[in-house]
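S.K.: Below is a structure I'd like to ask you about.
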Amino acid sequence: MLINNITNRENIARIRKIIDESDAVIIGAGAGLSASAGLQMNDFSTFKKLFPGYTRRYGLKSIAEAASFYFPSVEEHYAFLARYISAFRYSDPPEDVYQNLLEMVKDKSHFVITTNTDGQFAKTGFDKQRIFSPHGDLSFFQCSMPCSKKLIQNRKLVDNMLDDLTENPFAIRSSNIPTCPRCGSFLEPNIRDSVNFYNRPWMQRSDDYIGFLKNAVKGKLVLLELGVGNDSPAVIRHPFEYLAANYKNVVLIRINLNDYQTTVPFADKHTLAYQIDLKDFCSTVAQCV
């Protein structure tokens, strides 16, 4: 069932009532949630603000484009990476989407599964023990080989690279290129998009998530699917649809501006789909009393 008008008071009250009367909530978050908070990968104005001069110098127009761009030198590649990690992992997003989301579920038993790597749930105050992020975290580097299973916190390394950009805004010093202390190979972000992504530390949280889920389906469970597209549907979208189709006490609430897909086989009566901006959804539902 597709509902477009979230500003309708009746719709807001309905969503709030479903959440308030549930025994548990599982939040499934995709890239659309971070985008609604202002961390936009494909927005030109965001790119110009965070990466001044990159369009003129490299012809790039978005962060997503730059992320797969082959920069002329290693020093330039890590200059981009330092700016990107700093903006998306260590800076606060410009919109209060995550704060409103926490306000919405703080009094409920809840768990988060997310394909985002920006760590915003933990930064906002969600319980780290109740966050399953199988695609990694931008705050860690790993060996690009990888020669070991060790993850390296990168805040200090990123800050050192950013300091270099006061002299040259497009390249760090060669001496500050982050390398593996064990084998000397380049370090890369510990995220799914990296060539040799080491995911075991993140997959260990899957047991906690599955345990929570097994208990949650025994009662009234709300699946709050936020900004989840079709890039990795097997992580959140398809499992949520399966749960809504097979458990009578499960309600799937799908919020997505683009990939909303309102028809869920065998679960249409258990699904509410809103083709709206997540910022509007989180703020209106959080403020509804």
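The values are calculated or read from the model by the stated rules, or taken from the named source; none is laboratory data. Since the model is a prediction, treat every value here as computed from it, not as a measurement. No Cβ is skipped: glycine too gets one built from the backbone with ideal geometry, and neighbour counts run over all protein chains shown. These accessible areas exclude ligands, DNA and RNA; they are computed on the full protein's heavy atoms, side chains included. Shrake-Rupley method; radii C 1.70, N 1.55, O 1.52, S 1.80 Å.
S.K.: Out of the total accessible area of the chain (probe 1.4 Å, heavy atoms of protein only), what percent is carbon and sulfur?
M.R.: Of the solvent-accessible surface of the chain, carbon and sulfur hold 49 percent.
S.K.: Please check: in the Gaussian network model of the chain (C-alpha springs, under 10 Å), which one of Asn256, Asn116, Asn230 has the largest mean-square fluctuation.
M.R.: Asn230
S.K.: What is the gain in length, in nm to one decimal, between Val74 and Glu103 on full extension, counting 0.36 nm per residue of separation less the C-alpha to C-alpha distance?
M.R.: 6.2 nm
S.K.: What is the stretch 202-267 by shape, rounded, prolate or oblate, if you read a ≥ b ≥ c off the alpha carbon gyration tensor as root eigenvalues and call it rounded for a/c under 1.5, prolate for a/b larger than b/c, and oblate otherwise?
M.R.: Here the stretch 202-267 falls in the oblate category.
S.K.: In the chain, what percentage of the DSSP-assigned beta bridges are antiparallel, given to the nearest 5?
M.R.: In the chain, DSSP labels about 25 percent of beta bridges as antiparallel.
S.K.: Can you list which of the trypsin sites (Lys or Arg not before Pro) found in the stretch 161-213 are DSSP loop residues with at most 13 other C-beta atoms within 10 Å?
M.R.: Answer by residue number: Arg182.
S.K.: Taking only DSSP H segments of four or more residues, each worth -39500 (n - 2.57), what value at 222 nm results for the chain once the sum is divided by all its residues, to the nearest 500 deg cm²/dmol?
M.R.: Per the formula, -10000 deg cm²/dmol.
S.K.: Need one number: nm distance between label points at Cys183 and Lys218, each 7 Å from Cα along Cα→Cβ, rounded to one decimal.
M.R.: With each label placed 7 Å out from Cα toward Cβ, I get 4.6 nm.
S.K.: Taking Cα atoms, how many degrees apart are the long axis of helix 278-287 and the longest axis of the chain, rounded to 10 and kept between 0 and 90?
M.R.: Relative to the chain, helix 278-287 is tipped by roughly 50 degrees.
S.K.: Could you size up the charge dipole of the chain around its Cα centre, putting +1 on the beta carbon of Lys and Arg and -1 on that of Asp and Glu, and report it in debye to the nearest 20?
M.R.: Roughly 480 debye for the chain.
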